[in-house]
1. Among the candidates D144, D179, which residue alone is at pLDDT below 75 and either in contact with a strand residue (DSSP E or B) (Cβ under 8 Å, 6 or more places away or on another chain) or among the charged types (D, E, K, R) (or both)?
2. Given the options N70, N10, name the one that is at pLDDT below 85 and either more than 25 Å from R113 (Cα to Cα) or within 16 Å of the chain's Cα centre (by Cα) (or both).
3. For region 94-120, how many residues are surrounded by fewer than 16 Cβ atoms within 10 Å (Cβ to Cβ) and aliphatic (A, V, I, L, M)?
4. Quick check on my filter: what residues within region 56-79 are surrounded by fewer than 16 Cβ atoms within 10 Å (Cβ to Cβ) and farther than 22 Å from A109 by Cβ?
Amino acid sequence: MEKKEETNNNKEERNNEGKEEDRVPQMALNHVSRLCRDVKESIDFYSKVLGLVLIERPPAFEFDGAWLFNYGVGVHLIQAKDEDSLPKTDRVLDPRDNHISFQCEDMEALEQRLKQFNVKYTKRTIDEDKKGTKIDQLFFCDPDGYMIEMCNCENLKLVPAGSLGNIKLPCDRHNPPVDLENGRHAK
């Protein structure tokens, strides 16, 4: 695989916001990248606790890491050069802090799974509209201190706070194609 990197430092101001050429051809979240203290420990966490599947990673990368994927989202793990740049692993779980959020179909089953693997978590239920639309949330950290939220946020309606503009709502799952014939496991 050929590697090619480009950096664009173009800071030219644009005065044509809102025009057709400003629309970004984006489809869906592809992956989240996380620096790790120990890639193997993080693989265990994301695969055993969250059910992600280890997939092949292009061999051209010249650093230790791993890719996992499931449910339409990938997590790319990268061995950290400097552990001081990672979050503290003993921090207090604060739902207002930086985190990634995954949709969860069965919050009770996930909570049992967190208990099974001795993962410390904070549970929260939000019933803002008092009409029975409840959102359950579980917050916990991965082995490197990155906070993760699992929620049943499909219960929450998206209500525009202004013009819909260029909003694109997904109409189906956008998963990459799966090649079951050419992976290392097939040889």
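The values are calculated or read from the model by the stated rules, or taken from the named source; none is laboratory data. Bear in mind the structure is a predicted one, so any value in this text is a computation, not a measurement. Every residue, glycine as well, gets a Cβ built from its backbone with ideal geometry; the counts of neighbours run over all protein chains shown.
1. Residue meeting the stated conditions: D179.
2. The match here is N10.
3. The qualifying residues number 2.
4. E56, R57, P58, P59, A60, F61, E62, F63, D64, Q79
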